[in-house]
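Here is the structure we will look at, set down as C-alpha cells.
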Amino acid sequence: MSPRHLAPTLLALLLVLAAGCTILPEREPQRLFALPGGTDIDASGPTTSATLRIDSLTASAPHGGNQLLVMPAPDEYEAWAGVRWRDDAPRLLQERLLEAFRHANRLDGVIDDNSNARSDAVLSGHIAAFHLRLDGDTRRAVVRLDAQLIDESSRKLLASRRFETMAEASDATPEAAVMSFGVASDELAEVLTGWAIEVLEDQ
C-alpha cells in the first residue's frame, strides 16, 4: 500500500484509539469475599498438654481454587460469575481451623506448617467438598474434610475421620451464600477441635 493510501487508514485507527474504543471484551469485575464467622466456636472442655501443627490442606479439583463453586445438579459444578474467595479454599479452611484451635485454648500450643517449632501431633486433611449445593429453591453450603491426626515423631496415624457440615443460605445473593459457608466452616471446625483433643488426650 502506498503512503498516500496508508494515511487515511492510520488516521482512522488513531481516531478509534483516541475515542477509547477497544475490540477486546471488558473483564467482569470480581468481588472478593473472606470467610466470615469464627467467633462463636465453643471453647469449653478438657485441655491436654500437647502442641498441634495444622498442615496445609489439600483438595480435589475443582475445590482447590478460589472460585465460589455451585453444584446445580449432582456431579456438576459451576463457578459463580464475578465472585471469588480472597484466597484458595484450602488456605481459607486451614486458617479457620487454626483460629478454632487457638480460640479453644485447650492445647499447649497450635502452630501452622510455616513454624519451625516442634509439635507432638500433626493435623492434615483433604477437602472433598467446598461448594454451594442447589436443591430446588434451597441453597446449602457443603464443607467436607477427610482429616488425619499423625504422631509427629513416629509418623504413626493416630486417628482419621470424615467431617461434613452443611448450612442453608437465606437467599440467592452472594452475601447469603458466603455467610452459609462461614456457618458450615465454623461447625466443622468446632466438631473437629473436640475430636482432635479427645484423641490426643488418649495418647
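Some observations on this one:
- Where labels lie 7 Å past Cα in the beta-carbon direction, separation of Asn105 and Glu201 in nm: 1.9
- Derived scalar couplings between HN and Hα for the range 45-59 equal x, x, 10, 9, 8, 9, 10, 10, 9, 9, 6, 4, 7, 9, 8 Hz in order, rounded to whole Hz, by the Karplus curve 6.51 cos²θ - 1.76 cosθ + 1.60 (θ = phi - 60°), x for Gly and Pro.
- Cα centroid of the range 188-203 to Cα centroid of the range 109-140, whole Å: 14
- Segment Ser160-Glu175, length gained on full extension (0.36 nm per residue, minus Cα span): 2.1 nm
- With contacts taken as Cα pairs under 8 Å at a separation of at least 6 residues, the range 49-108 carries a relative contact order of 42 percent.
- Remark: relative contact order (the range 145-203) = 26 percent; criterion is Cα-Cα distance under 8 angstrom and separation of 6 or more residues.
- Summarising the label geometry, the points placed 7 Å from Cα in the beta-carbon direction at Ala61 and Leu32 lie 2.5 nm from one another.
- Each label point was placed 7 Å from the Cα along the Cα-to-Cβ direction; for Thr47 and Ser153 their separation is 2.2 nm.
- Using a Förster distance of 35 Å, the FRET efficiency for Ala79-Thr138 (Cβ separation, nearest 0.05): 0.95
- Taking only the Cα atoms of the range 93-194, the radius of gyration and Dmax are 15.6, 50 Å.
Each reported figure results from applying straightforward, stated rules to the coordinates on display, with no laboratory input. Because the structure is a prediction, the values reported are computed rather than measured. We place every Cβ from the backbone using ideal geometry, glycine too, and count neighbours over all the protein chains shown.
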